[in-house]
Structures are given as structure tokens and as C-alpha cells.
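Below: one structure, written as C-alpha cells.
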Amino acid sequence: MMIEAVERRLVAAGNVAQKLARRPDVVRQLAIHDASIQAIPSMGIEIVGVTEATMRLGLRHQSRYGLLTNDSLVVASMQQRGVRLLPRRPTVVSRPWTKWRSGFRRIWAPGS
């Protein structure tokens with residue numbers, strides 16, 4: 001949403017989130033975000049809810065591996081669903097808790 005707002009010159013670059021928060025009229029004009037959200041099911045991506053159990057497990061991962069909140073919730077959600085591999089982005093920086101295998105990041109494995 002922020003990129004679209006700047007590219008369409010609806011707001012100037014810099015503190016875009018704050019500017020959009022003050023300008024609901026501008027936010028209503030943004031369409032790319034909506035189209036992207038609508039396309040998620042056709043991409044084979046499953047959206048899962050975060051439960052209290054997921055949050056508690058995420059906190060344990062934060063303490064054990066030094067993960068940031070969102071990263072720990074992704075790992076916890078994957079663990080709860082038995083997902084063991086996460087496709088990596090080309091720009092991901094290797095971290096101590098990351099093991100590289102065949103273009104995928106092995107984030108968590110039973111017994112690790």
C-alpha cells in the first residue's frame with residue numbers, strides 16, 4: 001500500500017505509514033493491495049490464524065533462537081502444521097538457526 005501511494009504520488013516518500021494513517025481518503029484510493037489479497041488463494045498460499053498456543057510457542061522460539069516476533073510466529077505456525085521447509089527469498093541473510101538445503105530454509109525439524 002505504501003509503495004502504491006508513493007508511486008501514484010498520493011503521498012510523498014518518507015513516513016508513508018504515518019501519512020496514510022492520517023489520510024483515510026487516500027487509503028480508499030489504493031487498489032493494488034486489494035487485488036493482491038484477492039489473488040492469494042490462486043497462489044496456493046494458505047492463511048492460518050494465530051492462536052494463543054501459537055503465540056506461546058512463538059515466545060519460546062524467541063527466547064531459544066533470538067527470533068523477532070513475526071519470525072517466531074511463522075516458525076511456530078509452521079511447526080504446529082508440520083511444515084518443515086520455507087522457500088527462501090534470494091536476499092535472506094543466513095542466521096545461526098538457519099540450515100540451507102536445496103534452495104529452501106530448514107527452519108525447524110522435530111527434535112531440533
The set of residues whose placed amide H lies less than 5 Å from the amide H of residue 86, leaving out same-chain residues fewer than 5 positions away, is 105, 107
Among the trypsin sites (Lys or Arg not before Pro) in region 1-86, which ones are in a DSSP loop with at most 16 other Cβ atoms within 10 Å of the Cβ? Mind listing them? 8, 9, 22, 28, 84
Just from the alpha-carbon atoms, what are the Rg and Dmax of region 1-50 in angstroms? 13.2, 35
tail above 17 Å in the computed P(r) of region 22-68, as % of all Cα-Cα pairs, reads 63 percent
Efficiency of FRET between residue 35 and residue 13 - r from beta-carbon atoms, R0 22 angstrom, step 0.05: 0.45
To the nearest 0.05, how large is the calculated FRET efficiency for residue 64 and residue 3 if R₀ is 30 Å and r is the Cβ-Cβ distance? 0.30
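Quick note: the coordinates plus some simple rules give every number you see, no bench work behind them. Please read these numbers as outputs of a predicted model, since none were measured by experiment. Note that we place each Cβ from the backbone using ideal geometry, even for glycine, and neighbour counts take in every protein chain shown.
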